[in-house]
Amino acid sequence: MAEMPAFTPVHLLTGFLGSGKTTLLKRLLADPALADTAVLINEFGEIGLDHHLVERIDDTMVLLQSGCVCCTVRGELADALRELHSKRERGLVPPFTRVIIESTGLADPFPVLSTLKSDPVLRHHFRAGTVVTTVDAVNGLAQLDTYVESTRQAAIADRLVITKADLCEDKADLSRLLSRLTEFNPDAQRIMAGSDDPDADALFGDDVAQRATKLQSPSGFYCDTPTLRVTAEGVALHTAISSFVVTVDRPIDWTGFGIWLTMLLNRHGERVLRVKGILDLVGEDRPVAVHGVQYLVHPPVHLDAWPLGERVSRLVFIVDGLDANLLKRSFNAFALAGNSNARPQPEAAAQIRNA
């Protein structure tokens with residue numbers, strides 16, 4: 001029996017309508033690697049679980065042949081997670097060491113993740129894990145250009161699963177889609193469904209420490225060109241997804257950085273789709289990796305060595321319509337060593353407000 005983690009990771013499977021998310025999940029549910037997993041889905045009927053079913057635990061939970069527990073979310077997600085935890089504690093369901101949530105195709109993924117932090121019970125038992133997003137190779141480019149939800153789902157992904165590539169008649173369209181994804185999420189792992197179908201462990205393996213060592217890609221990492229969104233009629237949307245990097249070649253004050261990041265997320269959290277990078281901190285010999293999605297910031301991870309062989313802090317931001325220059329200037333005012341003992345400059349706080 002697997003040892004129960006102190007905080008059970010909750011992984012998110014998301015993707016726009018028709019992107020193959022349900023098909024992928026249906027295949028994964030037969031994978032023995034999910035034996036110690038609880039899966040929360042919208043409706044059993046959409047997945048077609050009859051041939052996988054071992055027994056029905058109650059009207060919302062079933063046990064599958066693979067050993068995983070499947071649950072429907074009929075109300076609030078927090079309620080479903082609390083019920084799962086309670087039944088595990090009482091021995092009413094098999095012990096599980098991770099949770100996978102399938103979100104709806106039209107959902108902004110962040111409210112799912114924020115549930116773990118905002119609920120006073122859940123935050124003591126669960127933590128955010130990996131985000132996997134399916135992207136339709138045929139329709140994905142138009143969806144990214146038209147729907148903010150599609151863009152946000154792709155922008156916060158740790159892993160992008162490209163589906164229906166075999167149906168894409170124009171390979172140039174597929175190439176343009178992959179380039180577009182790289183523009184605003186350059187270091188997400190890309191997996192082509194069909195040619196290299198991943199198993200559950202490959203998609204949802206608990207690799208927080210391993211992921212931290214990959215935050216700094218040697219190439220394809222720095223993207224400063226805004227990606228403007230337009231409707232099918234050619235009307236510009238208010239959102240402009242872009243990514244930019246903050247590079248610092250001297251130590252960063254951890255307290256100042258924390259104040260700056262807290263102020264930024266309090267003001268613009270829903271527009272900071274992702275922040276991640278490696279910091280050279282005052283008083284630390286080893287690099288420290290940080291990773292956050294909107295208002296949710298993961299605990300920092302101490303790495304053994306500098307991934308690129310140079311002691312330089314690099315922070316990458318994926319943002320929705322924020323001014324990169326103002327954010328960089330406010331960061332310099334708050335976080336660089338030597339500023340922590342001084343009162344933050346009022347103009348630096350104003351730069352965060354006005355970004």
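Within region 316-327, one or more residues are among the aromatic types (Phe, Trp, Tyr), within 26 Å of Asp145 (Cα to Cα) and part of a strand (DSSP E or B).
Note on region 270-290: residues that are outside any strand (DSSP E or B) and either among the aromatic types (Phe, Trp, Tyr) or surrounded by fewer than 21 Cβ atoms within 10 Å (Cβ to Cβ) (or both) amount to 7. Here Glu284 meets each of (1) in contact with a strand residue (DSSP E or B) (Cβ under 6 Å, 6 or more places away or on another chain); (2) of a type in the set (Asp, Glu); (3) modelled with pLDDT of 80 or more with one exception, condition (1). As a summary of the residue check, Thr247 satisfies the conditions (1) closer than 30 Å to Val148 by Cβ; (2) in contact with a strand residue (DSSP E or B) (Cβ under 8 Å, 6 or more places away or on another chain); (3) open to solvent by less than 30 Å² (accessible area, probe 1.4 Å) except for the one numbered (3). Within region 291-301, the residues that satisfy the criterion of being open to solvent by 10 Å² or more (accessible area, probe 1.4 Å) and in a strand (DSSP E or B) are His291, Leu296, Val297, Val301.
The values are calculated or read from the model by the stated rules, or taken from the named source; none is laboratory data. Everything numeric here is computed off the predicted structure, so don't read it as measured data. Positions of Cβ are generated from backbone atoms using ideal geometry, with glycine treated the same way; all protein chains shown enter the neighbour counts. For the accessible areas, the whole protein counts, side chains as well, though only heavy atoms, and no ligand, DNA or RNA atoms are used. Shrake-Rupley method; radii C 1.70, N 1.55, O 1.52, S 1.80 Å.
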